[in-house]
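The values are calculated or read from the model by the stated rules, or taken from the named source; none is laboratory data. All figures in this text were calculated on a predicted structure; none of them were measured in a lab. Here Cβ is always computed from backbone atoms with ideal geometry, including for glycine, and neighbour counts include all displayed protein chains. With ligands, DNA and RNA removed, areas are computed over all heavy atoms of the protein, side chains included. Shrake-Rupley method; radii C 1.70, N 1.55, O 1.52, S 1.80 Å.
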Amino acid sequence: MILPIIAYGSNVLNVKASPVDTEDTNLDKLIEDMWETMYNANGVGLAAPQIGESLRLFVIDASPFAQDEDLAHEETEFLKDFKRVFVNPKIMAETGEEFSFTEGCLSIPNIREDVSRKEKITIQFLDEQFEEQILTLDGLAARVVQHEYDHIEGILFTDRLSPLKRRLLKGKLSNISKGNINSDYKMRFLAKKTRK
Ligand code: NI
């Protein structure tokens, strides 16, 4: 089932999410709905708070980045199969140089800005079978995970911009929170309206 994506401005996007209860029998359905919602919106990642569930859970399919001709062959080969469910993840380490990359977010349509983050991470998490996994990632794979991980910490990419940049975006962000925007997918706004 395709769910409306929560737009910038709603509190659920600004709070630290709670751990997933792995005994919860509704979890499979929730994960299935998150995939469907993400693909419908042409996203590469979606975190549970973005569909209104304040849970430490996100899904990522970075395969669209494999089309990027600027990337090394080795990285595109990895990205084309980088499809994962992250349950109760914990970033253990973030290392390397900071690099800048243009990020967007399904909760903040039509805004894309350069965000600086470290290049390499090690993350521990449960997969969809609740098997423990540890991955060390770099480049765009790390980047997408860092962005989604921020969501479950209640942080949006716009929170990582300079105060000046944020000030310049204030009007646009305010319009998003009020629903005064066009998006290609269903969204839910602060004012509780759902609009296509
Ligand atoms: Ni996002």
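Side notes on the structure shown:
- Boolean, Leu137 is in contact (Cβ under 8 Å) with a residue 12 or more places away in the chain and in contact with a Pro (Cβ under 8 Å, 6 or more places away or on another chain): no
- Beta carbons closer than 8 Å, at least 6 apart along the sequence or on distinct chains, pair a first residue in the stretch 103-132 that is at positive phi and open to solvent by 30 Å² or more (accessible area, probe 1.4 Å) with a second that is small (Gly, Ala, Ser) and not in a strand (DSSP E or B) for Asn110/Ser183.
- Evaluation of Thr37 against the conditions (1) part of a helix (DSSP H, G or I); (2) open to solvent by 40 Å² or more (accessible area, probe 1.4 Å) shows that the sole unmet condition is (2).
- Residues located in the stretch 151-165, provided they are out of contact with any strand residue (DSSP E or B) (no Cβ under 6 Å at 6 or more places or on another chain), in a helix (DSSP H, G or I) and either open to solvent by less than 10 Å² (accessible area, probe 1.4 Å) or hydrophobic (A, V, I, L, M, F, W, C) (or both): Thr158, Leu164
- Some residue of the stretch 45-65 being touching a Gly at 6+ places or on another chain (Cβ under 6 Å) and at pLDDT below 95: no
- Test for Val85: is it within 16 Å of the ligand (Cβ to nearest atom) and either open to solvent by less than 40 Å² (accessible area, probe 1.4 Å) or of a type in the set (D, E, K, R) (or both): no
- Matching residues in the stretch 131-161 - criterion: being more than 11 Å from the ligand (Cβ to nearest atom) and of a type in the set (Ser, Thr, Tyr): Thr136
- Residues satisfying the stated conditions in the stretch 1-19, i.e. touching a helix residue (DSSP H, G or I) at 6+ places or on another chain (Cβ under 7 Å) and assigned to a loop (DSSP other than H, G, I, E, B): Met1, Ile2, Leu3, Ala7, Tyr8, Gly9, Ala17
- Only listed residue being away from the ligand (no atom under 15 Å from the Cβ), open to solvent by less than 20 Å² (accessible area, probe 1.4 Å) and touching a residue at least 60 places away in the same chain (Cβ under 8 Å), chosen from Leu13, Leu46, Leu57, Leu79: Leu79
- Search result, residues across the stretch 88-130 that are within 14 Å of the ligand (Cβ to nearest atom), in contact with a Lys or Arg (Cβ under 6 Å, 6 or more places away or on another chain) and not β-branched (Val, Ile, Thr): Phe101, Gly104
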